[in-house]
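Heads up, the thing below is written out as structure tokens.
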Amino acid sequence: MNKVVRVFTSDSAINPIVAIILGLLFGALVMLAGGYNPIEAYSSLFARIFGSSYDIGEAIRAITPLILTGLSVAFAFRTGLFNIGAEGQVVMGMTGATLIGVKVTGLPWIIHAPLAVIVGALFGGLWGAIAGYLKAKRGVNEVITTIMLNWIALFLSNYIVNAFLLEPKQQRSYMIQDSASLSIDWLSNLLNHARVHWGTLIALLAAVAFYIILMKTKQGFELRAVGHNIDAAKYAGMNVNRNMIKAMFISGIFAGLAGVFEILGVFHYQVVAAASPGYGFDGVAVSLLGANNPVGIVLGAALFGGLTYGSAGMSFGADVPPEIIRIVIGSVIFFVATQGIVKWILIPFYGKRKKERAS
Amino acid sequence: MDLLSMINAFLTKFSELINTTLVYSTALIFGALGGIFSERSGVVNIGIEGLMVSGAFASAVGAYYAEEANMGMWSPWIGLLTAMVFALIFALIHAVATITFKADQVISGVVINFLAAGVTVYLVKVLFNGAGQTETLNNVFGKWEIPLLSKIPYIGYAFFTAYPTTYIALILVAVTWFVLFKTPFGLRLRSVGEHPSAADTVGIKVKRIRYIAVLISGIFAGLGGATITLTTTSSFSHNTISGQGFIAMAAMIFGKWHPVGAMGAAVFFGMAQALNNFMRLFDFSKNIPQEFLYMLPYVLTILVLAGAVGRAKAPSALGEPYDPGKR
């Protein structure tokens with residue numbers, strides 16, 4: 001697991017860029033093999049992302065949850081934990097926000113909306129803390145527990161929506177009260193009703209908070225120490241168990257917020273879902289590409305969110321199955337993880353530079 | 001209703017429960033055995049899910065084209081074969097990344113899951129004119145009745161009326177046990193997972209053994225995915241596997257990386273899934289909301305891992321790429 005952390009904290013920015021290019025090339029090869037035109041496909045992809053003010057707004061909407069889940073996974077990584085359960089924490093965040101958004105009435109916006117945000121974030125945080133607790137106290141591998149908790153979260157939230165929040169004859173909850181909405185109506189009107197919301201701003205603030213918590217506080221120092229060398233941290237008198245639970249709690253809060261904004265800012269209701277939305281798994285990709293650092297994560301989220309949003313344009317404009325983007329994203333992570341391959345490809349370039357220096 | 005017929009009704013239901021349990025367990029046994037091979041050699045394989053997805057996909061496609069070629073009852077067997085080959089390719093990616101390029105094994109596993117999900121659905125759309133799932137197969141495996149044994153009341157239906165894949169899985173448990181613990185190859189494989197540099201010192205080719213182990217794990221997991229297509233769903237779509245691979249991994253850990261233990265755990269998780277139907281037959285449990293029954297296997301997994309079993313000891317070198325230059 002330490003190796004994961006090391007990969008994530010490497011400061012090289014060249015490797016991710018080369019990996020992205022290789023990933024896009026690999027995607028093009030797969031499209032050629034399937035009999036599609038990759039140039040047409042990629043151009044309709046970018047046309048979709050930047051096509052109109054509506055598309056730009058919607059692309060930002062698609063990017064927002066990925067920033068938060070990316071931060072969530074990265075925060076756990078920095079502490080030496082692999083939180084593959086951001087998915088479940090997102091779902092719990094959704095549920096918390098929907099509960100408050102639907103059930104609580106008569107509050108002014110200034111109280112209702114923040115309350116829904118906080119409760120949703122806590123739902124996500126506590127869901128993460130369960131895995132942290134099991135790891136700390138019972139020694140259960142957090143990869144397994146968070147995967148299991150993902151499924152439990154899905155069914156639990158389906159139960160809560162079905163039992164308490166269901167709008168009759170619909171496969172979804174009642175709409176949340178207007179007083180809990182985080183949509184930015186004036187901006188939305190300006191962008192042809194793209195679903196823009198305050199959550200994007202909070203996600204960016206969360207990236208700043210990520211940096212401050214980890215790098216500027218005593219807590220953060222302890223968390224990173226546990227991540228770097230668990231034994232050294234123990235001998236230095238740090239409470240390793242408590243730090244693990246705390247790390248998963250904070251990590252869960254980031255993921256929970258991603259779910260909160262999907263409800264309060266985008267959909268305004270929660271559906272009874274057969275599968276979870278996938279933001280958590282994409283978060284793993286984002287944090288890996290962003291090298292665990294908040295700026296990198298925002299950029300990584302922009303890339304993946306943009307590609308995913310644009311992939312709809314691909315199937316529309318060039319008739320290419322949008323799943324190709326999963327392949328592109330998967331191979332980008334592959335190339336980031338196997339830095340050996342990227343370095344091997346870069347050898348000729350390094351060689352040239354050396355020769356130039358010599359001459 | 002007199003006592004005797006009540007007992008009869010219960011036993012009938014119970015033998016049905018065991019029968020269904022074996023159906024659900026089969027794929028998990030394959031997946032867990034695959035995981036054991038890889039992890040015993042020191043390579044984490046979180047990509048079992050993806051390997052099962054690729055196997056499920058390839059079996060649906062292979063069996064479909066075999067049907068088209070009029071191979072009739074042989075087509076599901078062709079499906080098994082294609083599943084093994086296709087999953088092998090994905091396992092090879094994992095092996096190259098983790099063993100040759102020393103990529104982080106967990107991340108590489110995540111990549112396998114990503115790629116398998118993308119590639120299979122993409123190929124389904126390419127091969128079946130944009131459809132979201134493969135054509136439904138006409139020829140899938142039917143349940144075999146073992147002569148004589150299947151005639152035993154209750155027990156016959158519970159244990160000796162099952163899909164051929166179930167018998168294959170059970171045989172492979174024995175084979176895996178034998179190979180791992182009774183052959184020189186097994187000893188080498190385990191030593192590579194416990195202490196690769198010591199193994200290297202006595203002349204064992206660490207990387208080669210790990211390659212073989214990961215590839216075997218791909219074949220097994222592919223069979224597991226194929227089992228689901230060829231016995232339960234008859235077609236492949238994006239949610240055919242939906243988490244079975246992760247449960248297989250949990251079974252592997254719960255079974256402490258031992259084939260027989262993993263089989264026991266797989267049967268346990270299979271039963272947790274089968275209970276879903278069973279519970280609906282009784283008055284006291286009929287009213288439990290469905291969602292809680294769906295949750296059951298996952299909750300049980302966590303409780304079991306956190307509670308009674310004690311700490312599972314993973315192979316010592318699990319997760320470490322072997323670097324001969326390291327001290």
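What follows is calculated from the coordinates using simple rules that are stated; it is not laboratory data. Small disclaimer: the values here were computed from a predicted structure and weren't measured. Cβ: placed from backbone, ideal geometry, glycine included. Neighbour counts: every protein chain shown.
Data for the structure
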read-out	value
Projected area, mean over directions - region B:97-175, Cα convex hull, nm²	9.4 nm²
Kyte-Doolittle mean at least 0.5 and Cα axial length at least 30 Å: DSSP H helices in chain A	A:53-78, A:109-138, A:240-261, A:294-317
Relative counts (whole %) of C-alpha pair distances in the protein assembly as shown, using bins that are 20 Å wide	17, 52, 28, 3, 0, 0
Pairs of Lys in chain A closer than 26 Å at Cα, counting only those 8 or more apart or on different chains	22
Of the DSSP H helices in chain B, those whose Cα atoms cover at least 20 Å axially and whose Kyte score averages -0.5 or more	B:3-40, B:48-68, B:75-95, B:105-127, B:164-182, B:206-227, B:259-278, B:290-306
Relative compactness, region A:204-359, computed as alpha-carbon Rg over 2.2 N^0.38 Å	1.36
Amide H contacts of B:TRP144 (H built 1.01 Å from N, under 5 Å, at least 5 apart or other chain)	B:ALA162, B:TYR163
Kirkwood Rh, angstrom, chain A [1 / mean 1/r, Cα pairs]	21.2 Å
Cβ charges +1 (Lys, Arg) and -1 (Asp, Glu), total dipole of region B:26-241, debye	620 debye
Residue among B:ALA60, A:ILE347, A:ALA285 farthest towards the positive dipole end of the protein assembly as shown, charges placed on Cβ	A:ILE347
Length released on extending from A:VAL208 to A:VAL240, taking residue separation times 0.36 nm less the Cα-Cα span	9.0 nm
Footprinting exposure proxy for B:HIS258, A:HIS268 (fewest neighbouring C-beta atoms within 10 Å first)	B:HIS258, A:HIS268
Max mean-square fluctuation residue, GNM over chain A, Cα-Cα springs under 10 Å, options A:LEU71, A:LEU264, A:LEU156	A:LEU156
Fluctuation leader among B:ASN239, B:ASN277, B:ASN287 - chain B, Gaussian network, Cα springs under 10 angstrom	B:ASN287
Along each principal axis, Cα extent of region A:1-134, largest first, Å	55, 43, 27
Most mobile listed residue (A:ALA62, A:ALA247, A:ALA163) in chain A, GNM with C-alpha springs under 10 Å	A:ALA163
Selected from B:PRO184, B:ILE146, B:ALA95, residue furthest toward positive end of dipole (region B:26-241; charges at beta carbon)	B:PRO184
Dimensionless Rg/Rh of chain B - Kirkwood Rh, Rg from C-alpha atoms	1.00
Cα-Cα P(r), region A:141-281, percent of pairs per 5 Å interval	2, 8, 13, 16, 15, 15, 12, 9, 6, 3, 1, 0
Structure-based [θ]222 nm, chain A - -39500 (n - 2.57) summed over DSSP H runs of at least 4, per residue, nearest 500	-24500 deg cm²/dmol
Value of relative contact order over region B:26-241, rounded to a whole percent, pairs C-alpha under 8 Å and six or more apart	42 percent
Pair-distance profile P(r), taking every C-alpha pair of region B:187-302, with 10 angstrom steps and integer %	12, 30, 31, 16, 8, 3, 0
Peptide A:269-275, shielding by other chains (average Cβ, 10 Å cutoff)	1
